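Here's the structure, in structure tokens; my notes come after.
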Amino acid sequence: MISDADFERFREFFYRKAGIQFQPSKRYFVDKRLVQRMRQNGCASFAEYFTLLRFDPSHRELQALINLMTVNETYFFREEYQFRTLVGPILNEITARKAPGETIRIWSIPCSSGEEPYSIAIYLLEHWPGLARFDVALTASDINTRVLEQAQAGCYERRAVQAVPPDLLRRYFTAETAPAGGGPRYRINRDLRDSVRFTAVNVQDPEAVRAHGGMDVIFCRNLLIYFDDDSRRRAAERLYDALNPGGFICLGHSESMNRISPLFEMRRFPESIVYQRPAARRPAHLPPRREGVPT
């Protein structure tokens, strides 16, 4: 039902909207989800559906398709060594530039179903005495609105919390009766759910990222690997602008900012490598930004 030409038209459109470029090896994955949305919208052909997708003024269909096309899988305390670096050298440097009572802003993007930002919140409560002297504003964002709803609900299956120590599981989660046939589920306590602000953000949208400026730390793990070189560079520039001078960005273990953008300085800490926006202004020799989201 989806021709080669249709696949190429959609692949180019989705790349412009989300920065994600599907390879031919993903053809079955893409076709299956396109056919699903075509049937749900009563479209008899790809051409009819593509017209709906492009010209829907509410953008609801595009969002529904993004929710289907973006895969989210994570768990609590994933790559925990970065959290140890956060409550150690990273926050030591950041608080050295701030007065007691000032706000430290931390951003988790993409946050998926909430495991990462809640892990950060728990780690701060358990391991960072600076909470007695500084306020922390924790923001979590994702392009997928379906997983954001799951994150706000804060309810997880056993697999997601398997790395949470039993005492922390008792302290920060409430066990719930699962639906018939399901395994145990754990809901994170309301105080923690209320401590995180969730927002829908497409990192390829400069205005959406700009609205989240003034960050001290950004966790952007395992996102840039899904982009091509141009999309990665644009995303890195926008995240650079979202950071305060001297702020830090943490990437996934297989990602390296050195291969993406010269804007950041690499910092080697005992347990992890992170990247920092220098305190000085943006280097004058760098070319001007090419902003804007193509339509």
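Every listed requirement among (1) in a helix (DSSP H, G or I); (2) within 30 Å of residue 59 (Cα to Cα) is met by residue 93 save one, (2).
The residues in segment 223-232 that are surrounded by 18 or more Cβ atoms within 10 Å (Cβ to Cβ) and free of Cβ contacts under 8 Å to residues at least 60 places away in the same chain can be counted, and the count is 2. Scanning segment 189-202 for residues that are within 13 Å of the chain's Cα centre (by Cα) and open to solvent by less than 50 Å² (accessible area, probe 1.4 Å) yields 198, 199, 201, 202. Within segment 181-199, the set of residues being over 25 Å from residue 123 (Cβ atoms) and either in contact (Cβ under 8 Å) with a residue 12 or more places away in the chain or touching a strand residue (DSSP E or B) at 6+ places or on another chain (Cβ under 6 Å) (or both) comprises 182, 183. Scan segment 153-165 for residues that are open to solvent by 20 Å² or more (accessible area, probe 1.4 Å) and assigned to a helix (DSSP H, G or I) and jot them down. Within segment 153-165, 153, 158, 159 meet the criteria.
Residue 141 satisfies every condition listed in (1) in contact with a Gly (Cβ under 9 Å, 6 or more places away or on another chain); (2) in a strand (DSSP E or B); (3) within 29 Å of residue 213 (Cβ to Cβ) except (1). Might you check whether a residue that is open to solvent by less than 30 Å² (accessible area, probe 1.4 Å) and touching a Phe, Trp or Tyr at 6+ places or on another chain (Cβ under 6 Å) occurs anywhere in segment 166-183? Yes - at least one qualifying residue is present in segment 166-183. What do you reckon, is residue 234 modelled with pLDDT under 95 and under 23 Å from residue 14 (Cβ atoms)? Yes: the conditions hold for residue 234.
Here's the yes/no breakdown for (1) of a type in the set (Phe, Trp, Tyr); (2) open to solvent by 10 Å² or more (accessible area, probe 1.4 Å); (3) farther than 22 Å from residue 185 by Cβ; (4) at pLDDT 95 or above:
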| residue | (1), (2), (3), (4) |
| --- | --- |
| 119 | no, no, no, yes |
| 122 | no, no, no, yes |
| 126 | no, yes, yes, yes |
| 135 | no, yes, yes, yes |
| 144 | no, no, no, no |
| 148 | no, yes, no, yes |
| 151 | no, no, no, yes |
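Taking residues in segment 126-142 that are closer than 14 Å to residue 105 by Cα, and partners anywhere that are of a type in the set (S, T, N, Q) and at pLDDT below 95, not one pair has Cβ atoms closer than 7 Å while being at least 6 places apart or on different chains.
Note on segment 2-18: residues that are farther than 17 Å from residue 234 by Cα, in contact (Cβ under 8 Å) with a residue 24 or more places away in the chain and surrounded by 12 or more Cβ atoms within 10 Å (Cβ to Cβ) total 6. Residues of segment 94-117 that are touching a residue at least 60 places away in the same chain (Cβ under 8 Å), open to solvent by less than 50 Å² (accessible area, probe 1.4 Å) and more than 22 Å from residue 202 (Cα to Cα): 94, 104.
Scan segment 203-222 for residues that are within 30 Å of residue 22 (Cβ to Cβ) and either open to solvent by 30 Å² or more (accessible area, probe 1.4 Å) or of a type in the set (Lys, Arg) (or both) and the total you get is 6.
If only residues of segment 31-83 that are part of a loop (DSSP other than H, G, I, E, B) and touching a strand residue (DSSP E or B) at 6+ places or on another chain (Cβ under 8 Å) are counted, the one that is most open to solvent (accessible area, probe 1.4 Å) is 72. Filtered by the rule that a residue be open to solvent by 70 Å² or more (accessible area, probe 1.4 Å) and within 18 Å of the chain's Cα centre (by Cα), segment 240-274 gives 241, 253. The numbered conditions (1) under 25 Å from residue 123 (Cα atoms); (2) touching a Pro at 6+ places or on another chain (Cβ under 9 Å) are all true for residue 264 except (1). Specify which of the listed residues (157, 116, 126) is touching a Gly at 6+ places or on another chain (Cβ under 7 Å) and under 15 Å from residue 76 (Cβ atoms). Exactly one residue qualifies, and that residue is 157.
The values are calculated or read from the model by the stated rules, or taken from the named source; none is laboratory data. Fair warning: this is a prediction, and the values are worked out from it, not measured in the lab. Every residue, glycine among them, receives a Cβ derived from its backbone with ideal geometry; neighbour counts consider all protein chains shown. When the accessible area is computed, the model is the full protein with side chains, heavy atoms only, and any ligands, DNA or RNA have been set aside. Shrake-Rupley method; radii C 1.70, N 1.55, O 1.52, S 1.80 Å.
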